[in-house]
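Undergrad: Below is the structure I would like to discuss, written out as structure tokens.
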2 protein chains.
Amino acid sequence: MRITNLKLTPVAVPDPPLRNSWGVHAPYALRIILELETDEGVTGLSEANGGAALLGELVAAGKAAEGETPWHLERLRVKLRGLPRAWSALEVACLDACARSIGRPVYDLLGGLVRPRVPFASYLFYKYEGENDRWGDVNTPEAMVGEARRFREEYGFTTHKLKGGVLPPDEEVETMRLLREAFPHDRLRIDPNAIWSVETSIRVAKALEPLDIEYLEDPTHGLAGMAAVARQTHIPLSTNMVVNDMADLPMAVEMRAVQVILCDHHYWGGLTGCKRLASVCESFHLGLSMHSNNHLGITLAAMVHLAATTPHLIYACDTHYPWQEEDVIVGGKLRFEDGSLTPPAGPGLGVELDRDQLAKLHENFQRMATRNRDDSAEMLKRDPYYLPFRPRW
Amino acid sequence: MRITNLKLTPVAVPDPPLRNSWGVHAPYALRIILELETDEGVTGLSEANGGAALLGELVAAGKAAEGETPWHLERLRVKLRGLPRAWSALEVACLDACARSIGRPVYDLLGGLVRPRVPFASYLFYKYEGENDRWGDVNTPEAMVGEARRFREEYGFTTHKLKGGVLPPDEEVETMRLLREAFPHDRLRIDPNAIWSVETSIRVAKALEPLDIEYLEDPTHGLAGMAAVARQTHIPLSTNMVVNDMADLPMAVEMRAVQVILCDHHYWGGLTGCKRLASVCESFHLGLSMHSNNHLGITLAAMVHLAATTPHLIYACDTHYPWQEEDVIVGGKLRFEDGSLTPPAGPGLGVELDRDQLAKLHENFQRMATRNRDDSAEMLKRDPYYLPFRPRW
């Protein structure tokens, strides 16, 4: 089986005005759909972040992969070392193609099932009200409890992650306090995307300690900052910002800067890359959780296959999926049950492209003026003096 | 595909009287041949070290694996955590069965080929003369150069590992000096199996430094000892003794005790376990080489599949294989060309059992009085006062 072509389709997916430390989500989230074609008629699917730079990288990676066999992942990994994000996306398509060609689920190529259901977490965002937005305005601690309650009721999530770094820290602590009060037995986490100073991070950590927080994600910027915070709190620090490549691990370990690493197959070298990360985490007593950007059902399926085959991943996975109403897969959006997803049984990732939906979301993309994500530029439309300070508090 | 039975056949393979820091090899080396039977008629092969304890573990592991699918390696790894050596052997049989069932080579389940040929190293032993022994008595530096020359000519090896810790250190340094003189462009390594004190290790390292040694393997005992030696020499220290489990890695890294880890699928959790180790080594800037005990062609095939798919393994692999004249695989012993082996193209490991040879080597085993390896007991037959001191020098 040889790779003959990599077909790339940029899409734009309606997204509510979710707030974060950079600004606010634009009305459309960008993704790129990959179809890896082979000379045996098998096609592997994958999904990448959007943006002009990555699209260019993917074109280059597709050319470099032509004539290669998708089974030779290690060879392709070495060959595409200079294009790590493109390689990450391509790897999933290779695994999907290989697994389809033998009629087995992708998880079997990653070590098989270790859990029948993969638990996910609510991704709680402060937000403005958007067009056709069923979530409304959420910009107070009280409103956030309402949002969490709705996630809990609609999806069954019992772990809740607050995207912090939006309101002043004391208001976010109050939000966490109200969440703890409302859901005394659920697991809570918060992620201000490194917008707090070390001093503020320590102050917030002390305020959160009595609330039994699962982990505090990227309170502050840089390994030295994270290490300084870690020395002052027993709450584990997690990150997807200061450790996002295998090369970052030795210094993170040496500095005791983080306790939990968030994997993301989009930049850790695909699913096998995340398995490599899991090996290090397992060996070095680091926790492992899973990060999410805006994504569609192909990525969600890949996340579930990965989580279902990784013993060390004992945290509920993050996902933006409930925030999107549209998808590109046949049968429409995958459905959570009791906060979890069952790994699609395959073959491959177990999802197929809905051509009509793909065309529709590609048309959205064609109509767009900008082709790159810029949450700060989007925020400038609401606040002409907006600047994404770091630290802001 | 479900596992129905694990068939175990202990064998004894004629072995010359090779010397090491524990004593001397007995006339037979012990191995256990595994046949993992499935309900689809596919059988996976593997090969384990001998010994009554491991045989017992393998019986237990085989029972625990009944009814499981061999694709679910992660599940089996967790389930058999208490029997790591048995799991290591079983894992190879699972991979062989899975790869056979889809008609592909085992290396494709490990990430595909990254090198078409896998280089091996001479394993140079001081030795007594044995029965039907074509190598004769080798107990001086000069005789060792002759042994190395023969390995080089017969097999094409251009990396040579001296099993040290046998003659007084100065004589082993002299051996290395003569080897360097005889083969100025070859790669040399030495492994005294931790029988030197820290002080002797440093003294020897200083004497070896001008000889351009690839690495010095386990000069002394324990992480603290290795770290003390590492601080005093630029020769990389390698080990298969102080780091032989993923749990050993964090402290080894923290203490900067070793620079090269020797993988061995027989105790690192099989081939996927060695891939896990490779991930850590790649990330933490540790070198990766490959260890060998006495073994037959099934293990050799597994070693080649692993090495062929692991980019980070850039050292020639150790192997005892040339010391054995007999094998259990169809077609007789695998043949080195230019010091290398080409990965068998499969399906599976690409080797089949020769039933007559298996029966013959099993008969050897049946005739044996002892069922465990004991090089020191064997040495007592030659020297009634022998004791395996550590350190001896």
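The values are calculated or read from the model by the stated rules, or taken from the named source; none is laboratory data. The model shown is predicted, which means the values in this text are computed figures rather than measured ones. Because the Cβ atoms are built from the backbone with ideal geometry, glycine has one as well, and the counts that use them run over all protein chains shown. Side chains are part of the model used for accessible areas, which takes the heavy atoms of the whole protein and leaves out ligands, DNA and RNA. Shrake-Rupley method; radii C 1.70, N 1.55, O 1.52, S 1.80 Å.
Undergrad: Only one residue in A:Glu337, A:Glu325 is open to solvent by 40 Å² or more (accessible area, probe 1.4 Å), under 26 Å from A:Cys274 (Cα atoms) and in the same structural domain as A:Tyr155 (by TED's automatic domain parsing). Which one?
TA: Values: A:Glu325 fails: under 26 Å from A:Cys274 (Cα atoms).
After ruling out the rest, the residue left standing is A:Glu337.
Undergrad: Residue check, A:Gly56 against (1) away from chain B (no Cβ under 14 Å); (2) free of Cβ contacts under 8 Å to residues at least 60 places away in the same chain; (3) open to solvent by less than 20 Å² (accessible area, probe 1.4 Å), all met but one. Which one?
TA: (3)
Undergrad: Separate question: Those residues that are part of a loop (DSSP other than H, G, I, E, B), out of contact with any Phe, Trp or Tyr (no Cβ under 6 Å at 6 or more places or on another chain) and not aromatic (Phe, Trp, Tyr), I need them from segment A:53-82; list them, please.
TA: Let us first name the residues in segment A:53-82 that are part of a loop (DSSP other than H, G, I, E, B), namely A:66-72, A:80-82.
Now drop any that are not out of contact with any Phe, Trp or Tyr (no Cβ under 6 Å at 6 or more places or on another chain), which leaves A:66-72, A:81-82.
If the condition is that a residue be part of a loop (DSSP other than H, G, I, E, B), out of contact with any Phe, Trp or Tyr (no Cβ under 6 Å at 6 or more places or on another chain) and not aromatic (Phe, Trp, Tyr), then A:Glu66, A:Gly67, A:Glu68, A:Thr69, A:Pro70, A:His72, A:Arg81, A:Gly82 are the ones that fit.
Undergrad: A:Asp318 is checked against (1) without any contact (Cβ under 8 Å) to a residue 12 or more places away in the chain; (2) open to solvent by less than 10 Å² (accessible area, probe 1.4 Å) and fails just one. What number does that condition carry?
TA: That leaves (1) as the condition not met.
Undergrad: Kindly indicate whether any position in segment B:318-325 is touching a strand residue (DSSP E or B) at 6+ places or on another chain (Cβ under 6 Å), within 14 Å of chain A (Cβ to nearest Cβ) and within 29 Å of B:Ile213 (Cβ to Cβ).
TA: No, the conditions are met nowhere in segment B:318-325.
Undergrad: Here is a further query. Just wondering, is there one or more residues in segment A:222-236 that are among the polar types (S, T, N, Q), farther than 25 Å from A:Cys98 by Cβ and open to solvent by 10 Å² or more (accessible area, probe 1.4 Å)? If you could, list the steps in order and put the result at the bottom.
TA: The initial filter retains those residues of segment A:222-236 that are among the polar types (S, T, N, Q), namely A:232-233.
This time we only want the ones that are farther than 25 Å from A:Cys98 by Cβ, so: A:232-233.
Within this subset, residues satisfying the condition of being open to solvent by 10 Å² or more (accessible area, probe 1.4 Å) are A:232-233.
Within segment A:222-236 (the criterion being among the polar types (S, T, N, Q), farther than 25 Å from A:Cys98 by Cβ and open to solvent by 10 Å² or more (accessible area, probe 1.4 Å)), the answer is yes, since at least one residue qualifies.
Undergrad: What is the one condition in (1) in contact (Cβ under 8 Å) with a residue 12 or more places away in the chain; (2) part of a helix (DSSP H, G or I) that A:Ile213 does not satisfy?
TA: Condition not satisfied by A:Ile213: (2).
Undergrad: On to the next question. If you scan segment A:280-312, which residues turn out to be more than 20 Å from A:Leu34 (Cβ to Cβ) and open to solvent by 10 Å² or more (accessible area, probe 1.4 Å)?
TA: A:Glu282, A:Phe284, A:His285, A:Leu286, A:Gly287, A:Pro311, A:His312, listed by residue number.
Undergrad: Given the conditions (1) more than 21 Å from the chain's Cα centre (by Cα); (2) under 29 Å from A:Asp186 (Cβ atoms); (3) among the small types (Gly, Ala, Ser), and given that A:Ala359 satisfies all but one, which numbered condition is not satisfied?
TA: So the condition that A:Ala359 fails would be (2).
Undergrad: Hey, could you check segment A:258-308 for residues that are closer than 30 Å to A:Pro27 by Cα and among the aromatic types (Phe, Trp, Tyr) and say which is nearest to the other protein chains (Cβ to nearest Cβ)?
TA: Only one residue fits best here, namely A:Trp268.
Undergrad: Among the residues of segment A:175-207, write down those that are in a helix (DSSP H, G or I) and more than 19 Å from A:Ser122 (Cα to Cα). Steps first, answer last, please.
TA: First, pick out the residues of segment A:175-207 that are in a helix (DSSP H, G or I): A:175-182, A:198-207.
Of everything in segment A:175-207, those that are in a helix (DSSP H, G or I) and more than 19 Å from A:Ser122 (Cα to Cα) turn out to be A:Val198, A:Glu199, A:Thr200, A:Ser201, A:Ile202, A:Arg203, A:Val204, A:Ala205, A:Lys206, A:Ala207.
Undergrad: Inspect segment A:92-107 for any residue being farther than 30 Å from B:Gly112 by Cα, more than 14 Å from chain B (Cβ to nearest Cβ) and surrounded by 20 or more Cβ atoms within 10 Å (Cβ to Cβ) and give the result as yes or no. So that I can check it myself, show each step before the final result.
TA: Of segment A:92-107, the ones farther than 30 Å from B:Gly112 by Cα are none.
Within segment A:92-107 (the criterion being farther than 30 Å from B:Gly112 by Cα, more than 14 Å from chain B (Cβ to nearest Cβ) and surrounded by 20 or more Cβ atoms within 10 Å (Cβ to Cβ)), the answer is no, since none of the residues qualifies.
Undergrad: Suppose the filter is in a helix (DSSP H, G or I) and touching a residue at least 60 places away in the same chain (Cβ under 8 Å); does B:Leu90 pass it?
TA: The answer is yes for B:Leu90.
Undergrad: Being within 22 Å of A:Asp338 (Cα to Cα) and either in the same structural domain as A:Gly222 (by TED's automatic domain parsing) or open to solvent by 10 Å² or more (accessible area, probe 1.4 Å) (or both) narrows it down to one residue among A:Tyr128, A:Tyr155; which is it?
TA: Answer to the check: A:Tyr155.
Undergrad: Contact list please: Cβ distance under 8 Å, first residue in segment A:12-28 and charged (D, E, K, R), second residue outside any loop (DSSP other than H, G, I, E, B), pairs at least six apart or on different chains.
TA: Going by the 8 Å Cβ cut-off, the qualifying pairs are A:Asp15/A:Tyr28; A:Asp15/A:Ala29; A:Asp15/A:Trp323; A:Arg19/A:Phe125; A:Arg19/A:Lys127; A:Arg19/A:Lys163.
Undergrad: For the condition among the charged types (D, E, K, R), touching a strand residue (DSSP E or B) at 6+ places or on another chain (Cβ under 9 Å) and modelled with pLDDT of 95 or more, what is the one hit in B:Arg203, B:Arg187, B:Arg231?
TA: Numbers: B:Arg203 fails: touching a strand residue (DSSP E or B) at 6+ places or on another chain (Cβ under 9 Å); B:Arg231 fails: touching a strand residue (DSSP E or B) at 6+ places or on another chain (Cβ under 9 Å).
That would be B:Arg187, the only listed residue that is among the charged types (D, E, K, R), touching a strand residue (DSSP E or B) at 6+ places or on another chain (Cβ under 9 Å) and modelled with pLDDT of 95 or more.
Undergrad: Just one of A:Glu74, A:Glu68, A:Glu37, A:Glu47 is open to solvent by 30 Å² or more (accessible area, probe 1.4 Å) and not assigned by TED's automatic domain parsing to the domain that holds A:His320; which is it? Lay out the reasoning, then the answer.
TA: Details: A:Glu74 fails: open to solvent by 30 Å² or more (accessible area, probe 1.4 Å); A:Glu68 fails: open to solvent by 30 Å² or more (accessible area, probe 1.4 Å); A:Glu47 fails: open to solvent by 30 Å² or more (accessible area, probe 1.4 Å).
It is A:Glu37.
Undergrad: So which residues in segment A:109-120 are out of contact with any helix residue (DSSP H, G or I) (no Cβ under 7 Å at 6 or more places or on another chain) and buried (at least 24 other Cβ atoms within 10 Å of the Cβ), if there are any at all? Before you say what the answer is, go through the steps one by one.
TA: Residues of segment A:109-120 that are out of contact with any helix residue (DSSP H, G or I) (no Cβ under 7 Å at 6 or more places or on another chain), as a first pass: A:116-117, A:119-120.
Residue satisfying the conditions is A:Phe120 alone.
Undergrad: Now for a different question. Would you check which residues across segment B:237-254 are more than 9 Å from every other protein chain (Cβ to nearest Cβ) and over 22 Å from B:Arg77 (Cα atoms) and list them?
TA: Residues satisfying the conditions are B:Leu237, B:Ser238, B:Thr239, B:Met241, B:Val242, B:Met251, B:Ala252.
Undergrad: Now for a different question. Residues in segment B:131-149: is at least one modelled with pLDDT of 95 or more, within 18 Å of B:Tyr315 (Cβ to Cβ), surrounded by 18 or more Cβ atoms within 10 Å (Cβ to Cβ) and under 23 Å from the mean Cα position of the chain (by Cα)?
TA: yes
Undergrad: While we're looking at this one, here's another question. I need the full set of residues from segment A:222-233 which are in contact with a helix residue (DSSP H, G or I) (Cβ under 7 Å, 6 or more places away or on another chain) and farther than 25 Å from A:Gly269 by Cβ, in order please.
TA: Scanning segment A:222-233 gives A:Gly225, A:Ala228, A:Val229, A:Gln232, A:Thr233.
Undergrad: Just checking, does segment A:256-270 include any residue being in contact with a helix residue (DSSP H, G or I) (Cβ under 9 Å, 6 or more places away or on another chain), of a type in the set (Phe, Trp, Tyr) and not in a strand (DSSP E or B)? Break it down stepwise before answering.
TA: First, pick out the residues of segment A:256-270 that are in contact with a helix residue (DSSP H, G or I) (Cβ under 9 Å, 6 or more places away or on another chain): A:256-261, A:263-270.
Next, from what is left, pick out any that are of a type in the set (Phe, Trp, Tyr): A:267-268.
Narrowing further to those that are not in a strand (DSSP E or B): A:267-268.
Yes, segment A:256-270 contains at least one residue that is in contact with a helix residue (DSSP H, G or I) (Cβ under 9 Å, 6 or more places away or on another chain), of a type in the set (Phe, Trp, Tyr) and not in a strand (DSSP E or B).
Undergrad: Only one residue in A:Leu162, A:Leu113 is touching a residue at least 12 places away in the same chain (Cβ under 8 Å), outside any helix (DSSP H, G or I) and away from chain B (no Cβ under 14 Å), so which one is that? Talk me through it step by step, then tell me what you get.
TA: Numbers: A:Leu113 fails: away from chain B (no Cβ under 14 Å).
It is A:Leu162.
Undergrad: Among all residue pairs at least 6 apart or on different chains, which show Cβ distances below 6 Å where the first residue, located in segment A:172-199, is within 16 Å of A:Phe157 (Cα to Cα) and the second is acidic (Asp, Glu)?
TA: As it stands, the answer is A:Arg187/A:Glu214; A:Arg189/A:Glu214, since those pairs meet every condition given.
Undergrad: Another question, then. Condition test on A:Arg77, is it more than 14 Å from chain B (Cβ to nearest Cβ), within 22 Å of the chain's Cα centre (by Cα) and basic (Lys, Arg)?
TA: Working: more than 14 Å from chain B (Cβ to nearest Cβ): no; within 22 Å of the chain's Cα centre (by Cα): yes; basic (Lys, Arg): yes.
For A:Arg77, the condition - more than 14 Å from chain B (Cβ to nearest Cβ), within 22 Å of the chain's Cα centre (by Cα) and basic (Lys, Arg) - is not met.
Undergrad: Something else: Checking B:Val11 against (1) more than 14 Å from chain A (Cβ to nearest Cβ); (2) open to solvent by less than 20 Å² (accessible area, probe 1.4 Å); (3) not in a strand (DSSP E or B): exactly one of these is not met. Which one?
TA: (3)
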